[in-house]
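J.: Please find one structure pasted underneath; my questions will follow.
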Amino acid sequence: YHSPGPYVTSGLSFSEPDWVSCTLGVFLCQGCSLIHRSIPHISRLKSIQQDSWETEEVQFITSVGNAVANAKYEQSVPPFYYRPTHSDCRVLREQWVRAKYERQEFMYIEKQEPYSAGYREGFLWKRGRDNGQFLSRRFILSEREGALKYFNKQDAREPKAVMRIETLNATFQPAKIGNPCGLQITYLKDNSTRNIFVYHEDSKEMVDWFNAIRAARFHYHQVAFPGASDTDLIPKLTRSFMKEGYMEKTGPKHTEGFKKRWFTMDDRRLMYFKDPLDAYARGEVFIGSKENSYKVLPGLPPSTQGYHWQHGITIVTPDRKFLFACETEAEQKDWIAAFQRVVNRPMHPQEYAVEAHFKHKP
């Protein structure tokens, strides 16, 4: 056994590397090694500790390593392309590895056509709003039109929905949707958030759709913010929800019984739904900053009645107090931390416009 020498971990890696790809010359953590095993024709693995090493193998790995391999295999990653981390879902991590090493998409720009052309058309399985059934629907993403559209019938001329690229978001939600490629797309319709849930059996197809949406958002923001750098724009392309889960809530008078609802924290929008897969929220709460008199307090006012779960949270806004209850102390702490992150962050000028709209909502 010879130690293969110094290493630089890849972007996906979270822990110390246990494995080496002898064919690619890169060090891998346990999580990435599982994905590399699914492409044995490209990547042959050995354990750093358990396997014996030939001198030539050690020399090859020493001469390559992660930094050199990344310079080769990542030479033309589009700025909008999502680089997954260890905490992302399997589909995103696997498709990154396949795009990088198997298809070599970041070495040859022509291979990036599916997500960088500014136009994409295809069929996705979409969950029906009323019956919950997934049906095949034609989707068209057009940067020129500034929209993602879908059509209910094969030959339909008019789209069932037009989603402006300006307000579009996409986030992988395999557990919630019940499919490894499940993608939640949100957009604003009449200033309210609308959810649609889609998937495709082919994980490359779904990740290409996701990156095509990011590309469209990137180009939209380049026009909207001409002075901004790529680094400024990339966080605006798509966002994961800060937190989701069940809490109980009561009405504005605090006299009604508490009802269990599914909550989604999307940046400053706290939405609640009867069911996690509802198309529209039952209500949305804007959460501003502490400079604007927003506060998050553990517990509920002493006179509160009608709650079943014991771990309360009070959100104070300039207009009213919102009362929530969590099932466990851990959930209460997580929610308070998420709310606190938003409250501690000063508001951008465009967020004042959003806040004004929430106040005047019918």
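J.: Among the residues of the stretch 230-243, which ones are open to solvent by less than 50 Å² (accessible area, probe 1.4 Å) and out of contact with any helix residue (DSSP H, G or I) (no Cβ under 8 Å at 6 or more places or on another chain)?
T.: Phe241
J.: On to the next question. Being in contact with a His (Cβ under 9 Å, 6 or more places away or on another chain) and buried (at least 17 other Cβ atoms within 10 Å of the Cβ) is the filter; apply it to the stretch 85-107 and report the residue that is nearest to Ala69 (Cα to Cα).
T.: Tyr101
J.: Mind checking which pairs have a first residue in the stretch 106-127 that is without any contact (Cβ under 8 Å) to a residue 40 or more places away in the chain and in a helix (DSSP H, G or I) and a second that is crowded, with 18+ Cβ neighbours inside 10 Å and of a type in the set (D, E, K, R), Cβ under 6 Å, 6 or more apart or different chains?
T.: Lys111/Glu105; Gln112/Glu105
Matching residues to (1) in a helix (DSSP H, G or I); (2) more than 16 Å from Val207 (Cα to Cα):
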| position | (1), (2) |
| --- | --- |
| Glu16 | no, yes |
| Ser33 | yes, yes |
| Trp53 | no, yes |
| Gln59 | yes, yes |
| Gln75 | no, yes |
| Val91 | yes, no |
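J.: Can you name every residue in the stretch 234-257 that is basic (Lys, Arg) and in contact (Cβ under 8 Å) with a residue 12 or more places away in the chain?
T.: Correct list: Lys236, Arg239, Lys243, Lys249.
J.: Condition first: surrounded by fewer than 19 Cβ atoms within 10 Å (Cβ to Cβ) and in contact with a Pro (Cβ under 7 Å, 6 or more places away or on another chain). Can you find one or more residues in the stretch 346-360 that meet it?
T.: no
J.: Look at the stretch 272-291 and say how many of its residues are in contact (Cβ under 8 Å) with a residue 60 or more places away in the chain, open to solvent by less than 40 Å² (accessible area, probe 1.4 Å) and either farther than 16 Å from Asn131 by Cα or not in a loop (DSSP other than H, G, I, E, B) (or both).
T.: 5
J.: Determine which single condition Arg120 fails, assuming it passes every other condition in (1) surrounded by fewer than 20 Cβ atoms within 10 Å (Cβ to Cβ); (2) basic (Lys, Arg); (3) under 17 Å from Ala170 (Cβ atoms).
T.: (1)
J.: Name the single residue that is nearest to His348 (Cα to Cα) among those in the stretch 292-309 being open to solvent by less than 30 Å² (accessible area, probe 1.4 Å) and modelled with pLDDT of 95 or more.
T.: The qualifying residue nearest to His348 (Cα to Cα) is Tyr294.
J.: Still on this model: Considering only residues that are closer than 16 Å to Phe218 by Cβ, touching a residue at least 40 places away in the same chain (Cβ under 8 Å) and more than 13 Å from the chain's Cα centre (by Cα), which ones fall in the stretch 165-180?
T.: Listed by number, the residues that qualify are Ile165, Glu166.
J.: Sort out which residues of the stretch 315-335 are within 21 Å of Phe273 (Cβ to Cβ) and surrounded by fewer than 18 Cβ atoms within 10 Å (Cβ to Cβ), and write them in order of number.
T.: Arg320, Glu327, Thr328, Asp334, listed by residue number.
J.: Between Tyr246, Tyr220, which is closer than 30 Å to Asn131 by Cβ and open to solvent by 10 Å² or more (accessible area, probe 1.4 Å)?
T.: Tyr246
J.: Turning to a different aspect of this structure: Identify all residues within the stretch 321-337 that are aromatic (Phe, Trp, Tyr) and part of a helix (DSSP H, G or I); write none if there are none.
T.: Trp335
J.: Can you spot a residue in the stretch 338-350 that is in a helix (DSSP H, G or I), farther than 22 Å from Met247 by Cα, out of contact with any Cys (no Cβ under 6 Å at 6 or more places or on another chain) and modelled with pLDDT under 95?
T.: Checked against the condition, which is being in a helix (DSSP H, G or I), farther than 22 Å from Met247 by Cα, out of contact with any Cys (no Cβ under 6 Å at 6 or more places or on another chain) and modelled with pLDDT under 95, the stretch 338-350 yields at least one hit.
J.: Suppose we filter the stretch 292-320 for residues that are β-branched (Val, Ile, Thr) and part of a loop (DSSP other than H, G, I, E, B); how many remain?
T.: Residues in the stretch 292-320 being β-branched (Val, Ile, Thr) and part of a loop (DSSP other than H, G, I, E, B): 2 in total.
Yes or no, residue by residue, for (1) open to solvent by less than 40 Å² (accessible area, probe 1.4 Å); (2) acidic (Asp, Glu); (3) without any contact (Cβ under 8 Å) to a residue 60 or more places away in the chain:
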| position | (1), (2), (3) |
| --- | --- |
| Arg138 | no, no, yes |
| Ala147 | yes, no, yes |
| Asn152 | no, no, yes |
| Glu158 | no, yes, yes |
| Met163 | yes, no, yes |
| Gly182 | yes, no, yes |
| Ile213 | yes, no, no |
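J.: Show the residue pairs that are 6+ apart or on different chains and have beta-carbon atoms under 7 Å apart, the first residue being within the stretch 82-101 and in contact (Cβ under 8 Å) with a residue 40 or more places away in the chain and farther than 18 Å from Arg37 by Cβ, the second being in a loop (DSSP other than H, G, I, E, B) and open to solvent by less than 40 Å² (accessible area, probe 1.4 Å).
T.: Listed pairs, sorted by first residue: Thr85/Leu12.
The values are calculated or read from the model by the stated rules, or taken from the named source; none is laboratory data. Computed from a predicted structure; not experimentally measured. All Cβ positions, glycine included, derive from the backbone under ideal geometry; neighbour counts span all protein chains shown. Heavy atoms of the whole protein, side chains included, go into the accessibility calculation; ligands, DNA and RNA do not. Shrake-Rupley method; radii C 1.70, N 1.55, O 1.52, S 1.80 Å.
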